[in-house]
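Worksheet for the structure shown next.
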Amino acid sequence: MNSTPADEHKFLELVNENRNRILKVCRVYSWNPSDQEDLYQEILFQIWRALPGLKENAYANTWLYRIAINTSISYTRKRTARGGRALQLNHAELARHVEARQTHDGQHGDNLAKLYEAIAQLDAVERALITLFLEDLSYGQIADVLGVSANNVGVMLHRAKKKLAALMTEAAHE
């Protein structure tokens, strides 16, 4: 791609506005900090490559999420296919990580750690659904990101929430 200063400005603006969202997606799909950084860089590269396809700024967030989620799913599949380990967490490690990033509320950090641990046990599409739902995207926006109908989002999200609730209940009894 032959870049122009306008392209570079648009890219930097998009990345700066959405940095936390991209990092959240990276945390959901990769636990190891160096893998998160690799995934973050891959997402940025894919955003840069796809930038000419962004037609309207009104859809930039949906467009960006689509790239971040699809890149993360591909990254996870490639890592597993190459013999890398899938996302596996132990609760103590996750709790330490969450506590390092949270406020002084220990119970909140513990609950958040359990939530992230449960999300990590979902399949890639369910993780995407839950992540986008937790970002307060509408069913229509989630449908646009995942390339499915809004009705299908409702059904899939209902199933993912049930599975997540079961995982959280199971974790509470351990």
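Throughout, read-outs are computed from the coordinates displayed, never taken from laboratory work. What you see is a predicted model; the values in this text were computed from it and never measured. Neighbour counts are summed over all protein chains in view; Cβ atoms, including those assigned to glycine, are modelled from backbone coordinates with ideal geometry.
Overview of values
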| read-out | value |
| --- | --- |
| Under 26 Å from Lys162, Cα to Cα: lysines that are on another chain or at least 8 residues apart | Lys24, Lys114 |
| Listed peptides 115-127, 154-166 by packing density, highest first (mean Cβ within 10 Å) | 115-127, 154-166 |
| Förster-model FRET efficiency, 35 Å R0, His173 and Phe133, C-beta, rounded to 0.05 | 0.90 |
